[in-house]
Amino acid sequence: MPDPVIILAGVLNGLLAGGIYVLVAVGLTLIYGVLHIINFAHGSLLMLAMYAVFFLWRLLGIDPYVALPIVIAASFAFGYVLYRGLIGRFSHGRDENILLITLGLAIVFDNVALLLFTGDTQTIDVAYAGTIVQLGAAFLPLPKIVSFLAAIVLCAVLGLVMARSQLGKAIRAVAHERQGARLVGIDVEQVFAISYGVGIACLGAAACLLMPTFYVSPTSGHAFVLIAFTTVVLGGMGSFVGAAVGGLIIGVTESLGGLLLGEQLGQIGISLIFILILLLRPTGLFGAGR
């Protein structure tokens, strides 16, 4: 049995990793909650955002954290235009068409990235990357602490916007009842595009917070999106609170699994928790039964 101090360090590191998972999963659950579709291009769009952060650093010398507003705004614009110009236009209002279009986009983005950037991994070398902060008996990387705090703040701001603003009320109305929203004058297609853009903006934020400690390659987004899908189902499809709690649970489970079973077997814990939730509560921790 590992020392309790080591377990505590594993839990704290898992929570820090979970903050990023929360941000990726919140974008996915927002898109699902409004459009009622699974965005198969989510991982590929995260990868593109990570490349954007990388080139902003390499070509212009912009720190990943300083690039946050730039990449968030650009990701929102890209997602909005992508939905307006392609997904919404050619789906003809059918959810199965959206699934096929996003799957096709994922294939195109991955292969274009492979053609342009090759399969080599790229990293960002920032001065604070190796800085360690001691918290009790645990030693935590400073970039992960910053990323965790920033992710929680961004998710809280998004939650407030969804709860208090007119846009948030319109998004919730469309998510609950599309036809009723149309009858009261809400531009449903506009809300779809904005929701998709906000979901992709979450990926832009996650990319900025990931790059100081992670690498980017044409396939780097897939690992995170698989965890995000698990997080969304674990927390409850369409639930913001569920995505937040699920992301933290997944982060801690992954960290402790790697600590107890080794890095190669650490993912088993995630799969076991996922299966147990589906068996005991198929709607997820915070999902509403139908």
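Each value in this text was obtained by applying a stated rule to the coordinates, not by laboratory testing. What you see is a predicted model; the values in this text were computed from it and never measured. Positions of Cβ are backbone-derived with ideal geometry, glycine not excepted, and every protein chain shown enters the neighbour counts.
For the Cα atoms of the chain, what angle does the longest principal axis make with the long axis of helix 68-82, in degrees from 0 to 90, nearest 10? Rounded to the nearest ten degrees, it is 40.
Neighbour counts of C-beta atoms inside 10 Å place 211, 237 in the sequence 237, 211, starting with the fewest. Highest mobility in the GNM of the chain, judged by mean-square fluctuation with C-alpha springs under 10 Å and restricted to 195, 91, 217, is found for 91. Grab the Cα-Cα distance for residue 179 and residue 5, subtract it from 0.36 nm times how many residues apart they are, and report the gain in nm with one decimal. Result: 57.2 nm gained on full extension.
Residue order for 105, 135, 142, fewest other beta carbons within 10 angstrom first, comes to 135, 142, 105. Can you give the angle from 0 to 90° between the axis of helix 4-35 and the longest principal axis of the chain, with both taken from C-alpha atoms, to the nearest 10? With both axes taken from Cα atoms, the answer is about 10 degrees. Multiplying the residue separation of residue 55 and residue 276 by 0.36 nm and subtracting their alpha-carbon distance yields 75.4 nm.
Averaged over residues, the count of other Cβ atoms within 10 Å places the peptides 79-88, 61-70, 198-207, 240-249 in the sequence 198-207, 240-249, 79-88, 61-70, highest first. Placing +1 on the Cβ of every Lys and Arg and -1 on the Cβ of every Asp and Glu, with no other charges, gives the range 4-280 a dipole of roughly 600 debye about its Cα centre.
By definition, a body whose alpha carbon gyration tensor gives a ≥ b ≥ c is oblate when a/c is 1.5 or more and a/b is not larger than b/c, and the range 95-162 fits this oblate description.
Charge dipole of the range 156-215 (Cα centre as origin; +1 on each Lys and Arg Cβ, -1 on each Asp and Glu Cβ, all else neutral): 160 debye, rounded to the nearest 20.
Name the residue farthest towards the positive end of the dipole of the range 4-280 from the options 210, 41, 122, assuming +1 on Cβ of Lys and Arg, -1 on Cβ of Asp and Glu, about the Cα centre. Value: 41.
Axis angle, to the nearest 10 degrees, between helix 142-164 and the longest C-alpha principal axis of the chain: 30 degrees.
Multiplying the residue separation of residue 96 and residue 149 by 0.36 nm and removing their Cα-Cα distance gives an extension gain of 15.4 nm.
How do 169, 144 rank when sorted from fewest to most other Cβ atoms within 10 Å of their own Cβ?
Working: 169 13, 144 21.
By the 10 Å Cβ count, ascending: 169, 144.
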